Each structure stands twice: as C-alpha cells, then as structure tokens.
Amino acid sequence: MANVPPVIAIVERCQALFDDLDFNAVKQWKAAAPGRKAIGYMPVYVPRELVHAAGMLPVGILGGGDQLEVIQGDAYYQSYICRIPRSTIELGLTGRLDCLDGMLFPSICDVIRNLSGMWQILFPNKFVRYIDVPQNYEDAVGGKFYVSELEILRDELAKLRGAPITDAEIDASIRVYNDNRAAIRDLYAYRAVKPWQAPTAEVYLVLRAGMVLPPEEHTQLVREYIAAADALPRPKRDNARVVLTGGFCEQPPLALIKSIEMSGCYIVDDDFMLVTRWLLDDVPAHGQPLEELSKAFLHRSASTAAKYDAKREDKGQFLLHQVKTRGAEGVVFAAPSFCDPALLERPMLQDVLAKHTVPYTAFKYAENTGQMAPIREQAGTFADSIKLWSAA
Amino acid sequence: MSATFVPGNLNELLMCFDFARSLPETNALQNGMRKKSGKFIMDAERDGQSEDVCTYVKADLGMMLGGEVGPTGDPLPTPDILLLSYTGCFTFMKWFELIRHKYGCETVMLHVPYQGEGKVAPNMRDYVVKQLKETVIPTLERVSGVKFDIDRLRQYMRESAKAEEDLVAVLQSAKNRPSPIDGYFGAVYYIGPIFTAFRGMPEATQYYHVLRGEIEERVRAGKGPITPDGEMTDEKYRLVVEGPPNWTSFRDFWKMFYDEGAVVVASTYAKVGGVYDFGFRHDPDHPIESLAEYCLGCYTNLNLPSRIDMICRYIDEYQADGLLINSIKSCNSFSAGQLLVLREVEKRTGKPAAFIETDLVDPRYFSAANVKNRLESYFQMIKAKRVATAAAH
Ligand code: SF4
Ligand code: SF4
C-alpha cells in the first residue's frame with residue numbers, strides 16, 4: 001500500500017465511487033447527521049447551489065453505465081430510444097436511488113422531460129421537479145422567468161427541509177461552487193497543457209466523484225489530484241490533441257475514453273458533466289443570488305445542443321473556442337445513439353469546423369457499448385491523419 | 001413568407017403581418033403521403049443527418065436540398081422568417097437552427113415552458129406573453145414592414161373561436177354510437193385547416209360550420225364514418241389512439257381498421273395543434289394572453305401524467321374498448337414514455353391496450369404485415385375481454 005503513488009490512490013478512490021451503483025457515499029453522507037437529505041439531478045445543468053443551500057447533497061445521476069444489467073428499464077422504452085432513461089429507471093426500480101429524497105430533471109430533451117413525468121408516476125412519494133431553463137437570453141424576459149423558476153425551486157426545497165432558504169445561505173453555496181468551478185477550471189487547464197500527466201480517463205473519474213461527494217470535499221480532491229498528478233512524471237507520447245464533444249448526457253463507457261486515448265489521441269477538452277463547468281466564471285455572491293445565477297446562465301454559460309443559439313453566428317463558437325484555447329488539432333464527435341440533440345447539432349458543428357479547417361471524425365456509442373475495436377481503429381486513423389496533416 | 005410549427009402555431013398573429021404561412025411538418029407529411037419523403041430522407045442522410053433523428057426534419061431538409069419544390073410540385077419560396085414556436089418538442093429548435101444555418105433565414109424564438117407539474121403556472125404565462133410582446137411582435141413588424149394592429153388580431157381570433165367551437169362538436173360527435181366520424185384517420189382532414197395556415201380566416205370558419213352541419217346530419221341518420229372505401233356500416237370496435245399516424249402508408253393503415261369494423265373515437269393526435277375539447281378557445285378580449293395559453297396547452301406540452309389522464313378520460317367518455325398506441329420511431333416527444341402510458345391506462349381503465357411501431361414519413365419503418373398482425377390480435381383480445389365481461393355479469 002505504502003508504495004502506491006498518491007495520484008493512483010486518488011484515482012482508485014474515484015474509481016470505487018464510480019463503480020458503486022448503490023451510492024454508498026451518499027448513504028454515508030446522509031447517515032453522518034440526522035435529517036440530511038440528498039437530491040438527484042440529471043444532465044446537463046441544474047442550479048446545484050440551491051440544493052446545497054438547503055443543506056442537501058446534490059447527486060448527479062448519469063445512467064447505469066456498462067456494469068448495470070438493465071432488466072426492468074427495458075420494458076419502459078422502445079428500442080429506438082437512448083439508454084440513459086432506461087438505466088436510470090432500472091436504478092430507481094431496483095431501489096438503488098432510495099437514498100435520494102428527490103429528483104430534478106433538467107430541460108435537455110424530450111426524453112428526460114418525459115422521464116420527469118414517469119418519475120412522478122413511478123415514485124409518487126418522492127419530490128420530483130422539472131427544471132425549465134430559459135431559451136430567451138434577455139434579463140427582463142428569459143431572466144425574469146428563470147428567476148421565478150429558481151424562486152419556486154427554492155420554496156419547494158425549503159418546504160422539504162422545513163425552513164426557508166435565505167439569500168445568505170445561497171450566497172455561501174455560490175462561493176462553495178465558485179471554488180469548485182475554479183478547481184475544475186484549473187484541472188482542465190492543467191490537462192490541456194500536460195495531457196500525458198492527466199489522462200482523460202482519470203480526469204473523468206475525478207469529475208464523476210463530484211457527482212456524489214459534497215462540493216467542498218470534491219474541490220479538495222480535485223486540487224489534490226492536480227498536485228499528485230504533477231508529482232508523478234509519466235511518458236509523453238506523440239499523440240494528436242483532440243476535443244471530444246457530444247457526450248453531455250448519456251455517458252460513454254470508461255473503456256471508450258481509454259480506447260480513444262490508447263489509439264493516439266490526447267483529449268484536451270470535452271463536454272462531460274457540463275454541470276461542473278456550465279457557469280463559465282465566478283458568480284458574484286453578495287445579496288442577489290438568484291439574479292446572479294440567472295445572469296451567469298444567460299450571459300456566461302457553456303454551450304451545448306440543449307441550448308438555443310440566438311444567432312446563426314453563435315453556432316459552434318463554443319466548440320471552436322475549446323479547439324483554439326486548448327490547442328486542439330481535431331474534434332471527435334462521440335454521440336449516444338438516438339440522441340436527437342447531439343445528432344441534430346452535429347452537422348452544424350461539423351460545418352463550422354470545416355469552414356475553419358478543423359478536422360473531425362464522428363461515431364456513436366451507447367453507455368453499454370462493449371466493442372471497442374472499431375472505435376479504437378477509427379480514432380487511431382484519425383490521430384494518424386492529423387499527424388500526417390500537420391507534418392505536411 | 002413565414003414558417004412555423006403545428007403545435008404553438010400562431011397563425012392569427014402571422015396573418016396580422018401579411019405573412020403567407022408554411023408549416024414544415026405539413027410539407028413533410030404531404031410528401032410522405034405522395035411517396036416522396038423516402039428519397040428526401042435519404043438525401044438528407046447523405047448530406048450528413050443521422051439515421052437516428054426525427055424524419056420530419058430530414059424530409060424537410062431533403063426537400064430543400066432538392067431545390068425547395070413543394071409536395072404539389074410547385075416551388076416553395078424561402079421563408080423570410082422562421083417563427084420557432086418551441087412548444088412541446090425539442091427537435092423544433094434544432095430543426096430551425098439547421099435551416100437557419102444552411103439558408104440564412106432569420107429566426108425568432110418563442111420559448112414555451114413545459115407543463116412539468118401538470119399545470120400552467122402564472123410565471124410561465126407571463127414569460128410567453130412577454131416574449132410575444134417584446135421579441136416576437138417587434139421582429140415580425142420589422143421583417144414584414146407591417147405595423148402590429150391588435151384589433152386585426154382580435155378579429156382573426158373571433159373567427160378562430162367560432163371554428164374551434166365547431167371543431168369540438170365534430171370531434172365529440174364520436175361519442176355517439178355508431179360514431180359518425182373516425183377521430184384519427186378521418187380527423188386528419190378535420191384538423192387540417194385549423195392546425196395549419198387557415199385558423200382565423202373566415203373561410204376556415206365556414207368550412208367548420210358546414211362540416212359540423214354535415215356531421216350532425218350523419219348523427220341524426222345514425223350513419224357511421226366515411227372511409228376511402230365508402231361508408232363504414234358495422235361498428236365493431238371503438239378505439240382511442242395515441243401517437244401520430246404513419247403517412248407513407250396512410251390509406252393502407254386506415255384500411256386495416258375499417259376492414260375490421262374498428263373506428264377510432266378519439267385520438268391525442270387530433271389535439272397536437274390545440275387542445276380545444278376541454279374548453280380553451282382563442283379569446284379576442286385577451287388576445288396576447290390567449291395566444292400564450294394556447295401554446296402552453298398544446299398536447300405535446302403536457303406532462304405524462306396529464307396525457308394519461310386525458311386518454312383515460314377519452315376511454316370513458318367515448319365508451320372505447322381500449323387504447324392503441326402508434327409509437328413513432330422518429331418522435332421522442334410523443335414516444336418516450338409511451339410504454340408507461342400503456343400500462344397506466346390499462347391499470348386505470350381495465351381496458352386492453354396495444355402497441356404498434358411505425359414512422360411518420362420514413363417508408364423503411366412501416367411493416368404492413370407486422371402492424372396488421374398486431375391489430376388482428378388486438379381485436380381478438382377485445383372480443384375475448386367482452387365475452388369475459390359478459391360472462392361475469
Ligand atoms: S442521451 Fe440525448 S436523447 Fe437521450 S436523454 Fe440524453 S440528451 Fe436526451
Ligand atoms: S420529434 Fe415529433 S413532435 Fe418533434 S418535430 Fe419530430 S415528429 Fe414532430
């Protein structure tokens with residue numbers, strides 16, 4: 001044990017959290033003090049600050065991955081619907097989510113939207129809320145609506161805990177998440193500079209840990225990981241630098257991320273767990289928390305297919321920015337099968353990339369994809385072509 | 001010219017600015033019925049669209065790639081404005097973004113919040129009203145060069161409300177035995193004008209007036225519905241249907257019903273462009289608010305429990321034998337969750353339910369033999385259930 005380098009120990013801890021489909025970390029957190037509550041949320045974004053301010057643990061639910069055997073969940077979905085809702089239902093029906101006192105379903109697509117109603121029917125005793133976010137980005141219009149939605153959520157969470165949630169409490173939570181976002185920004189910046197030191201399979205696991213750990217603890221973990229990763233020199237390979245995009249909801253299996261890296265690509269940016277990086281900078285925390293959360297959402301948030309681009313020129317700019325600022329040489333589109341948002345967005349993004357002569361490749365996956373060989377081959381060919389291209 | 005979607009279709013408002021109205025879903029379904037959509041879909045896929053996504057979008061994009069020749073063979077002008085009424089379907093947003101991206105059309109977004117809690121909260125209504133006043137109307141004014149006249153809007157809405165009243169009477173005539181109409185296949189022809197470019201026009205009002213008169217006459221005469229093969233005389237099964245129809249084999253699909261004496265007495269599809277049978281009418285006294293209410297109340301904007309309530313109510317009020325779900329491969333908005341809808345409706349009504357799978361406009365996903373088999377065994381099931389119920393009494 002004594003010989004395990006700290007970075008490996010951290011990653012092993014994250015891996016254990018990731019593998020634990022019974023959410024024991026959540027159960028332990030709840031058991032540590034009486035009356036504690038935990039609230040689940042699905043991708044892409046929910047204002048976790050409000051849940052945290054209520055003294056509750058926000059828990060990211062990202063489907064069942066490739067280790068969960070989906071039996072009951074399949075009975076709820078036709079073959080042409082993506083995997084994440086069925087494995088999430090499986091988690092629910094098998095009691096694995098009993099530790100959650102409620103679920104939040106963000107506005108990401110019609111599947112998750114409809115799942116919110118299914119949850120109301122299947123789990124009538126749990127708190128369930130659909131989180132609508134504005135697609136109009138004017139403060140007086142979309143902002144006003146969003147603030148009123150945040151008010152409603154705040155009131156409902158207050159009811160659940162039995163006491164109102166004050167502005168000061170939310171401000172305190174905003175600070176906690178500002179720290180968390182700053183740590184994750186540092187992690188992403190570090191990986192982009194030294195991707196051989198912080199492989200994406202590890203970065204991913206570190207991020208996943210933040211789905212079940214309290215944010216304060218997670219921030220600490222991220223900082224420790226950066227330091228530990230930097231302390232252990234690892235071989236640098238002549239890989240192609242790529243941005244991975246499309247995995248904002250249903251998750252690819254970890255083996256798929258590893259396969260892409262093994263095939264000769266360094267992933268230098270991605271759209272995994274965007275909730276951790278949705279708000280792009282610090283949210284001011286002095287007295288008007290809901291308005292500030294709203295402004296951050298409207299004017300300073302990440303872009304994904306679930307969000308309307310108000311102007312044609314905006315399309316693809318977020319992705320281009322990722323490519324440019326991270327020094328990427330290409331883009332890998334990895335979208336879940338049957339994912340309308342990701343797949344409808346893709347041709348537009350590809351067009352923007354083509355206009356900027358950024359090479360790309362594309363494939364689909366499911367959270368339980370088992371066969372990695374074709375993906376490895378495709379990513380490998382892509383990496384080779386990038387290197388040839390840049391050598392020419 | 002403007003383009004907008006059937007759910008959340010603001011026809012009265014668009015008419016105030018002298019826009020001609022085009023509805024891309026209607027173009028797609030027309031192309032489906034004319035057997036043109038298969039090629040368009042494949043063209044769109046060759047152009048980079050995924051095989052997994054909504055085929056309405058691909059049929060539309062394929063048509064545009066082919067030089068924008070409409071279903072009738074006449075060229076369609078490129079829209080001057082895309083009114084993105086984001087009502088009950090996520091795909092709408094991407095659809096117009098795709099068209100804007102390729103053809104540079106101006107787009108104006110109307111975001112209609114989802115009824116996640118099964119009701120329209122005041123903040124949702126305010127938000128839609130505000131967007132109409134501050135974003136949509138000013139944009140339509142600018143693009144058209146026509147100043148907004150609220151009295152003109154009121155006048156169109158008066159027409160709408162009259163037509164809506166008659167439409168409801170037509171659809172509810174199916175409560176009679178025998179039903180004088182088919183509330184799914186036949187209803188397509190009844191909802192056509194009011195769900196598309198004609199709601200608010202005096203001609204549409206007149207159409208519904210005449211239609212209602214004809215249907216009431218059929219009720220008095222005790223007649224069944226008219227089908228493509230003439231009048232259906234022997235009503236054996238009364239069904240409620242959830243989900244849009246298949247368009248590429250529409251006639252064949254319908255025939256599988258009337259050949260067996262099955263009539264659809266109510267369908268959720270006949271409510272996609274507006275749920276009028278529970279009392280909503282466009283209200284000329286509160287025109288903008290009522291446009292907001294209209295959008296918020298569209299069927300696809302209802303949450304799953306509300307959809308289930310509505311179906312159960314139909315089964316009861318229309319004395320239906322059961323529920324048939326036509327699940328559309330393309331359409332997550334309708335389809336995701338339908339298997340739970342089926343279970344819940346069966347549980348609550350005690351009536352048998354059945355599930356078939358087709359697509360809207362992709363002919364590759366209509367398997368006539370499979371659908372026919374399913375339907376036949378479903379009719380058998382209803383019969384068996386009747387015998388069992390009769391024996392129990
Ligand atoms: S994977 Fe795509 S289609 Fe499926 S729930 Fe997520 S966003 Fe929706
Ligand atoms: S997903 Fe369904 S509701 Fe949406 S555009 Fe396609 S067919 Fe229409």
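The values are calculated or read from the model by the stated rules, or taken from the named source; none is laboratory data. Everything numeric here is computed off the predicted structure, so don't read it as measured data. Cβ placement follows ideal geometry from the backbone for every residue including glycine, while neighbour counts extend to all protein chains displayed. Remember, those area values only see protein heavy atoms, side chains included, never the ligands or the DNA or RNA. Shrake-Rupley method; radii C 1.70, N 1.55, O 1.52, S 1.80 Å.
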Cα-Cα pairs in the range A:74-201 separated by more than 27 Å, as a whole percent of all pairs, come to 43
For the range B:224-326, dividing by residue count, accessible area per residue (probe 1.4 Å) in Å² works out to 27
Magnitude of the Cβ-charge dipole (Lys and Arg +1, Asp and Glu -1) of the range B:2-392 about the Cα centre, nearest 20 debye, reported as 780
Across all Cα atoms of the range A:270-392, Rg and the largest Cα-Cα distance (Dmax), in Å, are 17.1, 56
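Let me know the shape class of the range B:131-256, please: from the alpha-carbon gyration tensor, a ≥ b ≥ c as square roots of the eigenvalues, rounded when a/c is under 1.5, otherwise prolate if a/b is greater than b/c, or oblate.
Note, shape of the range B:131-256 comes out prolate.
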Answer in debye to the nearest 20: the dipole magnitude of the protein assembly as shown about its Cα centre, from +1 Lys/Arg and -1 Asp/Glu charges placed on Cβ, is 880
Rounded to whole angstrom, the alpha-carbon centroid of the range A:1-52 lies from that of the range B:273-300 at a distance of 46
Relative contact order of chain A (C-alpha contacts under 8 Å, at least 6 apart) in percent is 20
Simple spin-label estimate for B:Glu106/B:Lys133, 7 Å along Cα→Cβ, in nm, reads 2.2
With +1 on the Cβ of every Lys and Arg and -1 on the Cβ of every Asp and Glu, the dipole magnitude of chain A about its Cα centre, in debye rounded to the nearest 20, is 500
Counting all Cα-Cα pairs in chain B, those more than 30 Å apart amount in percent to 39
Taking only C-alpha positions in the range A:30-139, Rg and Dmax in angstrom work out to 14.5, 45
Gyration tensor (Cα only) of the range B:233-322 to equivalent ellipsoid, semi-axes in Å sorted down, yields 29, 15, 12
Out of A:Met372, A:Val358, A:Cys339 - ranked by how far each Cα lies towards the positive end of the dipole of the range A:319-383, with unit charges on the beta-carbon of charged residues - the top one is A:Val358
Note on the range A:295-326: residues buried by at least 40 Å² of accessible area once partner chains are added (vs chain on its own, 1.4 Å probe) come out as A:Tyr308, A:Arg312
Heavy-atom accessible surface buried between A and B, both sides counted, 1.4 angstrom probe, nearest 100 Å², is 4900
For the range B:149-213, the Cα gyration tensor yields equivalent-ellipsoid semi-axes (√(5λ), largest first, whole Å) of 25, 11, 8
Relative contact order in percent for chain B (Cα pairs under 8 Å, 6+ apart) equals 20
Checked chain A against the a/c 1.5 cut and the a/b vs b/c comparison, axes a ≥ b ≥ c from its Cα gyration tensor; verdict rounded
The alpha-carbon pair-distance distribution computed for the protein assembly as shown, with 10 angstrom bins and whole-percent values, is 3, 13, 23, 25, 19, 11, 5, 1, 0, 0
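Which whole-number percent gives the relative contact order of the range A:21-173, counting Cα pairs below 8 Å spaced six or more residues apart?
Reported relative contact order: 24 percent.
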In short, the range B:39-72 residues buried by 50 Å² or more of accessible area relative to the isolated chain (1.4 Å probe) are B:Asp52, B:Val53
Candidate cut points under trypsin sites (Lys or Arg not before Pro) in the range B:113-163, DSSP loop plus at most 15 other Cβ atoms within 10 Å of their own Cβ, are B:Lys119, B:Lys147
With a ≥ b ≥ c from the Cα gyration tensor eigenvalues, square-rooted, and the rule rounded for a/c under 1.5, otherwise prolate when a/b > b/c and oblate otherwise, the range B:72-151 is oblate
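Please calculate how many Å² of accessible area chain A carries per residue, with a 1.4 Å probe and no DNA, RNA or ligand atoms counted.
Details: 13980 Å² over 392 residues.
On a per-residue basis, 36 Å².
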Taking only the alpha carbons of the range A:154-213, the radius of gyration and the largest Cα-Cα distance, Dmax, both in angstrom, are 16.4, 49
